[in-house]
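Step one of this worksheet: look at the structure below.
The values are calculated or read from the model by the stated rules, or taken from the named source; none is laboratory data. The structure displayed is predicted, hence computed values, not measured ones. Here the Cβ positions follow ideal geometry from the backbone for every residue, glycine too, while neighbour counts run over all protein chains shown. Only protein heavy atoms, including side chains, enter the accessible area calculation; ligands, DNA and RNA are left aside. Shrake-Rupley method; radii C 1.70, N 1.55, O 1.52, S 1.80 Å.
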Amino acid sequence: MGSLTKVEELVAEEGWSKEAIIYVNGFRRVLPDGLAHLTLLEYLRDMRLTGTKLGCGEGGCGACTVMISYYDEHMRKSVHYAINACLAPLYSVEGMHIITVEGIGNCQRGLHPIQESMARAHGSQCGFCTPGFVMSIYALLRSCKMPPSEEQIEESLAGNLCRCTGYRPIIDAFRVFAKHDDSLYTNSSSRKCSNGETICPSSGKPCSCGKDIVNNGESSIEVCHKQRIPFSYNEIDGSSYSEKELIFPPELVLRKKMPLSMCGFGGFKWYRPLRLQHVLDLKSCYPEAKFVVGNTEVGIETKFKNAQYQVLISVTHVPELNVLSVKENGLEIGASLRLAQLQQILESVIAERDTHETSSCRAILEQLKWFAGKQIRNVASIAGNICTASPISDLNPLWMASGAKFQIIDCKGNIRTDLAKDFFLGYRKVNLAHNEILLSIFLPWTRPYEFVKEFKQAHRREDDIALVNAGMRAFLKEDNGNWIVSDVCIVYGGVAPVSLIASKTERFLVGKKWNKKLMQDTLQILKEDVPLAEDAPGGMVEFRKSLTLSFFFKFFSWVTHKMNEKGSFVEGLHKTDLSAIQPYSRQSSVGSQCYEMTRHGTTVGLPIVHLSSKLQVTGGAEYTDDVAVPPHCLHAALVLSKKAHARILSIDDSLSKTSPGFEGLFLSRDIPGSNKIGAAVHDEELFASEIVTCVGQVIGVVVADTHENAKIAANKVLIEYEELPAILSIREAVNSCTFLSNTEKCLVKGDVEWCFQSGACDKITEGNVQVAGQEHFYLEPNSSLVWTVDDGNEVHMISSTQSPQKHQDCVAGVLDLPMSKVVCRTKRIGGGFGGKETRSAFIAASASVPSYLLKRPVKITLDRDIDMMITGQRHSFLGKYKIGYTNAGKLLALDLQLYNNAGNSLDLSLAVLERAMFHSDNVYAIPHIRVRGQVCYTNFPSNTAFRGFGGPQGMLIAENWIQRVAVELKKSPEEIRELNFQSEGYVLHYGQLLENCTLRQVWDELKASCDFSKARERVDHYNLQNRWRKRGIAMIPTKFGISFTTKFMNQAGALVQVYCDGHVLVTHGGVEMGQGLHTKVAQIAASCFNISISSVFISETSTDKIPNASPTAASASSDMYGAAVLDACEQIKARMQPIANRHKHSSFAELASACYKERVNLCANGFYITPDIGFDWKLGKGTPFNYFTYGAAFAEVEIDTLTGDFHTIAADIVMDLGNSLNPAIDVGQIEGAFVQGLGWIALEELKWGDADHKWIRPGNLYTCGPGSYKIPSVNDIPLNFKVALLKGVPNPKAIHSSKAVGEPPFFLASTVLFAIKDAIIAARAEEGYHDWFPLDNPATPERIRMACIDDFTRRFASDNYHPKLSI
């Protein structure tokens, strides 16, 4: 630390302010000193503005998006943009107006048009992410003079993630605010329906976008929608949007800006100087101080890397650091300029100057398009990105390649210049002395025949860090008719601890003639010039090396093409090679939904919007973390194991006891009841007592006065271990026979061995299939609030869970209380997908221990990284198959061995394995089949339920061997599939008879819809014309069994209460988590009573209202709880009937009042059990499922064979959902499941510390946040997304002839995987490879690129190279 006296003198002399003023939603707020440690998000939520959510804490999900406005004195206008409140230091918004989702509209005073459109378009399911999306678009519209384009709208959403909807309805909701071109609508293709008026799903009004038929009574209504819906711009004005729009506060326009000197917790200091000299003086006093603009890097370091900075200096308001000067020889850019401002500047410069001058500008602008999300670019500074010196910085290689110069100033005002290529010294080290700062960047104009190009490959295209990136520049000069390399610069990121200059390659190139021979010669030099050790951090070494060559090839080809365009080269690229330089450009995505509405009563069958949609779009919907905490509430943080398998030798809490706000540490010895817990069997400890069996296992819980203090204290608990051998993969478990006891299962049909030996099989093929896991990534982290009542006689909790009963049971056991004295309530959860079925219970139980013992409320909310690390994921699988078949492709015998990775306890792993075994045939008839399975024990956190519950894994293995058979027989996979379809009356390998089988109908309708034969011809033609880009297509069917496979769980209870004013309160055992369960149940109740759905209310799920409820899972909740509610309603109706017969009543309210006066019981308990199901594992036969949901999907993809990049051109889905209870909600479930499935098969890779990933600490999860784990974003959905529901197929096995929808569509995303494989087959054929090859999921760029064998990959990997996968 520097001289405090000098700082105090500076602050005193210059009149630095200790008062910070902001406006929040139009209200003036004075921020006192002492809050410098807070983020804007923490402040807003403390103000009870809980619409702004904490989703990840690292600016990666967008749930915390707000709009900030400030007055720009230079432009003399207010400026509006979206930011991540979770990263913004509170004092960084001083002098600004913050608008949250509550500030633009609410249910009381009216919704903003953006909110209204989002609600009407079914753009909100669980609702947790919704306020962030609303605010991103709000900021865009407020900042645009003219209506934005559809591309701008999608770009503005790149920093927002949604796990529920699949994004299509969100885009549709916001598309109405885009500028219009009627041809976009009139020319769009659409399914033709009967004549009639269409209800527009976006505006809710008649329009010409499609057709429907609506009849009275029991009616069939056919709806077909194109999703480019025109919206009258007069109706929602593009400039005002709302008469109640919040204006920029006049005080902030007139108020003189003052330098700030503020303090925070623990002596933390925050300074905001207004002049460069102030900055230099502070730097002199605090040489170790961190400079911040957007806090996008420092915020991550302090939160996730335990970095501690005592002094932060905000340089946002220093004019000298925000300069922009367009000069004759280049562009001078101030160090504090934000990346979004840089984008605007570059766009302007490119438009104004000669093309040859701006090659570097265009390269930087193109790279910025894929740099983080909009919210990050709005605040992150140029200098911050430079001085962080990240080895994967997207911009630093371009600064270096472009010949940029950095101006550096020291504390005495001396200025020096350093070339960008000399500025980066090592890992996170730059050429800045302790008394120097970066002042500005000078970017020179490029010369004629000088070319600069950017390159980047990441797991996900938008908002993702690079795996490898590059900046390349070449300057050519003509010499006697030859074009010679006069100057060249090649810089790579992601291959070394610092941006790496390929110096040997540069020296080799200079002076050489630019031709094909030079390119080939350069590749060998470049291979040696970019060393990457086998154990390099990040792994994927062969892939990353291949990318270095691929990028250079692309650059060389691009320059050649540009020179040919200029007429300087006689010979350019061959037309098939043009695909190597084809830039990625994405059109706005479009969608269509086609379904038949079968109306029953007042509301069943209608596409009614989610009951909570208006609350969700306004931020009014309350989640567990939003509940106001009671007085004296404590906050809990878990003490977690740091070893995969070890004996606990000692626990030292002495440092924790001295930590601020500490109230106690609770270990296994403090548990009042039993320390043994578990979902199926009690094979886990709540708090590890002697042995830890995974990283992240709970050892104890710390409570303190704040969430942050609890985390700090928990991190101070010191634990000494004795490490023990760990099992860290399925293969290790199989090799060492480490299986959980009593988990070996077998299903048999026919005689497999006889068939293989009989000679009936023309071919027999054996192989293995690896199936990866998947993180749930629900947007709302796990959270519980626990408190005691009557001096500990009762315990109550509010929890984010799919199974309140499991919370009740677990807490009761841990506290040694009867279940009758423990109440768990859940109003709604922000996504679950199975992850909150069982693995949330131990979190609530951990908080219940200190709450019970201290008799104080305790709240626990997991940080995103902790949630991902400790709560388990989708099970990874290993399948070993032996398949026998005829030359015609008829399947005869299958012998299959399945292993799944349970982790360190059983949880639901056996049930997951069983369902995988049930679904291991997918839809294929096989006369002889044997399926065996075992559950592997490993030293990872226990894996758990996830949408599909093992079914998708079993079916994915099946589709792999189907594709293998097709390759062996040189037939199309679709031909093999069709030849072996099951049909009505077929007996499955577990004895169930197929009834009401609509598989063939679904398949044929899909085949006609996508026009598969023409698609095949179109793709084949494209592949002949393009060497380096390939397209592929696939069609995949699915059959998903509906029911819990554990019989006793197929029961449901409900409580219906009719009040004398005619309104109905419904309570049932299911949890609303975005799937629309409450909406469907309310529709059933409303239709039964023949009343409006507005008269039905569902408040929450509570164990003291509905006892012994099964988890909301298995896709069966609408079936079971809908039937239970209907049972209760029918009971009440029967009681009301005599009164109704006696007098004619004008309304249901009048009838209810009359019944009340006649002392009729208007309350009823409903109950339902799924009939005629059951399975005997001893016999291996039974009827485990009530019925099956069928579906099929088509996908077309395009891959870049040089990088592994891909995008989905089209997806077409047809599903049989019987008579849908709510087709809009069901379509939303299909789209959401498909996009979530797309993540599983193509994007989302879990990386654990195992034998294949030695650069990760053993047993640790590397991908534990949105920064490293990539779920699909807006940019990843199909460009053309079609969904249709099969018509005229009522289901006799479920309520109102409907079918379950939550899980069945998930597996259909595998069609994208097999379309990718189809494209890779075309790429491999170019090199003469026609044999079968494995392609694991997820089909990441690494797996796609390394499967596309060519001259570049062969330099680093064998033809049989198989990328590593954590299973």
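Brief remarks follow.
- Residue in the stretch 91-109 that is in contact with a His (Cβ under 9 Å, 6 or more places away or on another chain), of a type outside the set (Asp, Glu) and assigned to a loop (DSSP other than H, G, I, E, B) present: yes
- When each of Glu1100, Glu1150 is tested for being surrounded by fewer than 22 Cβ atoms within 10 Å (Cβ to Cβ), closer than 18 Å to Leu611 by Cβ and in contact (Cβ under 8 Å) with a residue 40 or more places away in the chain, the lone residue that passes is Glu1100.
- Selection count, the stretch 777-804, where residues are open to solvent by 20 Å² or more (accessible area, probe 1.4 Å) and within 31 Å of the chain's Cα centre (by Cα): 1
- First in the stretch 781-796 and aromatic (Phe, Trp, Tyr), second anywhere and open to solvent by 10 Å² or more (accessible area, probe 1.4 Å) and outside any strand (DSSP E or B), Cβ under 6 Å, 6 or more apart: Trp787/Pro857
- Within the stretch 1208-1238, being more than 16 Å from Gly1302 (Cα to Cα) and out of contact with any Phe, Trp or Tyr (no Cβ under 8 Å at 6 or more places or on another chain) holds for Thr1208, Ile1209.
- Subset of the stretch 986-1009 [part of a loop (DSSP other than H, G, I, E, B) and either open to solvent by 70 Å² or more (accessible area, probe 1.4 Å) or free of Cβ contacts under 8 Å to residues at least 40 places away in the same chain (or both)]: Glu995, Asn996
- No other residue among Gly1249, Gly1174, Gly1239, Gly1191 is at positive phi and at pLDDT 95 or above apart from Gly1174.
- Tally of residues being in contact with a helix residue (DSSP H, G or I) (Cβ under 8 Å, 6 or more places away or on another chain) and closer than 18 Å to Lys421 by Cα across the stretch 510-540: 2
- Just so you know, in the stretch 437-452 the residues that are open to solvent by less than 50 Å² (accessible area, probe 1.4 Å) and over 19 Å from Glu332 (Cα atoms) include one that is farthest from the chain's Cα centre (by Cα), and it is Glu450.
- In the stretch 408-429, the residues that are touching a residue at least 40 places away in the same chain (Cβ under 8 Å), in contact with a strand residue (DSSP E or B) (Cβ under 7 Å, 6 or more places away or on another chain) and open to solvent by 30 Å² or more (accessible area, probe 1.4 Å): Lys421
- Exactly one residue out of Tyr1269, Tyr1262 is in contact with a Ser or Thr (Cβ under 9 Å, 6 or more places away or on another chain), of a type outside the set (D, E, K, R), within 16 Å of His459 (Cβ to Cβ) and free of Cβ contacts under 8 Å to residues at least 60 places away in the same chain: that is Tyr1262.
Residues checked against (1) at negative phi; (2) open to solvent by less than 10 Å² (accessible area, probe 1.4 Å); (3) modelled with pLDDT of 95 or more:
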{"residue": "Ser17", "(1), (2), (3)": "yes, no, no"}
{"residue": "Ile21", "(1), (2), (3)": "yes, yes, yes"}
{"residue": "Thr39", "(1), (2), (3)": "yes, no, yes"}
{"residue": "Asp46", "(1), (2), (3)": "yes, no, yes"}
{"residue": "Thr50", "(1), (2), (3)": "yes, no, yes"}
{"residue": "Cys64", "(1), (2), (3)": "yes, yes, yes"}
{"residue": "Met75", "(1), (2), (3)": "yes, no, no"}
{"residue": "Ala85", "(1), (2), (3)": "yes, yes, yes"}
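- For the stretch 310-343, the set of residues classified as assigned to a loop (DSSP other than H, G, I, E, B), surrounded by fewer than 16 Cβ atoms within 10 Å (Cβ to Cβ) and not polar (S, T, N, Q) consists of Val323, Lys327, Glu328, listed by residue number.
To keep it simple, each residue is scored yes or no on (1) open to solvent by less than 40 Å² (accessible area, probe 1.4 Å); (2) out of contact with any Lys or Arg (no Cβ under 9 Å at 6 or more places or on another chain); (3) part of a strand (DSSP E or B).
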position	(1), (2), (3)
Tyr595	yes, no, yes
Leu606	yes, no, no
Val609	no, no, no
Pro631	no, yes, no
Ala636	yes, no, yes
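- Apart from one condition, Asp1336 fits all of (1) touching a strand residue (DSSP E or B) at 6+ places or on another chain (Cβ under 7 Å); (2) of a type in the set (Asp, Glu); (3) open to solvent by 20 Å² or more (accessible area, probe 1.4 Å); the exception is (3).
- Failed condition for Leu432, given (1) assigned to a strand (DSSP E or B); (2) hydrophobic (A, V, I, L, M, F, W, C); (3) buried (at least 17 other Cβ atoms within 10 Å of the Cβ): (1)
- Selection of first residues in the stretch 509-533 that are touching a residue at least 12 places away in the same chain (Cβ under 8 Å) and among the acidic types (Asp, Glu) and of second residues that are assigned to a loop (DSSP other than H, G, I, E, B) and surrounded by 13 or more Cβ atoms within 10 Å (Cβ to Cβ), restricted to Cβ pairs under 6 Å at least 6 apart or on distinct chains, gives the following pairs, ordered by first then second residue: Asp529/Ala502.
- Test: residue in the stretch 161-179 that is part of a loop (DSSP other than H, G, I, E, B) and modelled with pLDDT under 90: yes
- Wholly within the stretch 1145-1216, strands (runs of 3 or more DSSP E) carrying at least 3 residues that are of a type outside the set (S, T, N, Q): 1163-1169, 1174-1176, 1187-1200, 1206-1216
- With respect to being among the acidic types (Asp, Glu), farther than 30 Å from Trp370 by Cβ and either open to solvent by 10 Å² or more (accessible area, probe 1.4 Å) or not in a loop (DSSP other than H, G, I, E, B) (or both), Asp1318 falls outside the description.
- Looking at Phe371, Phe406, just one residue is in contact with a helix residue (DSSP H, G or I) (Cβ under 7 Å, 6 or more places away or on another chain) and closer than 24 Å to Ser92 by Cβ, and that residue is Phe371.
- Complete set of residues in the stretch 805-822 that are outside any loop (DSSP other than H, G, I, E, B) and open to solvent by 10 Å² or more (accessible area, probe 1.4 Å): Gln805, Lys806, Gln808, Asp809, Cys810, Gly813, Met819, Ser820, Lys821
Listed here are the residues, each with its yes/no results for (1) more than 26 Å from Ala458 (Cα to Cα); (2) open to solvent by less than 50 Å² (accessible area, probe 1.4 Å); (3) among the β-branched types (Val, Ile, Thr).
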| position | (1), (2), (3) |
| --- | --- |
| Asn482 | yes, no, no |
| Val485 | yes, yes, yes |
| Val498 | no, yes, yes |
| Thr505 | no, yes, yes |
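- Applying the criterion of at least 1 residues that are within 30 Å of Gln963 (Cα to Cα) and open to solvent by 10 Å² or more (accessible area, probe 1.4 Å) to the helices (runs of 4 or more DSSP H) found wholly in the stretch 665-776 leaves 730-735, 752-758.
- Candidates in the stretch 953-985 are the residues that are acidic (Asp, Glu) and touching a residue at least 40 places away in the same chain (Cβ under 8 Å); of these, the one that is surrounded by the fewest Cβ atoms within 10 Å (Cβ to Cβ) is Glu975.
- Subset of the stretch 435-471 [farther than 30 Å from Pro583 by Cβ and not in a strand (DSSP E or B)]: Asn435
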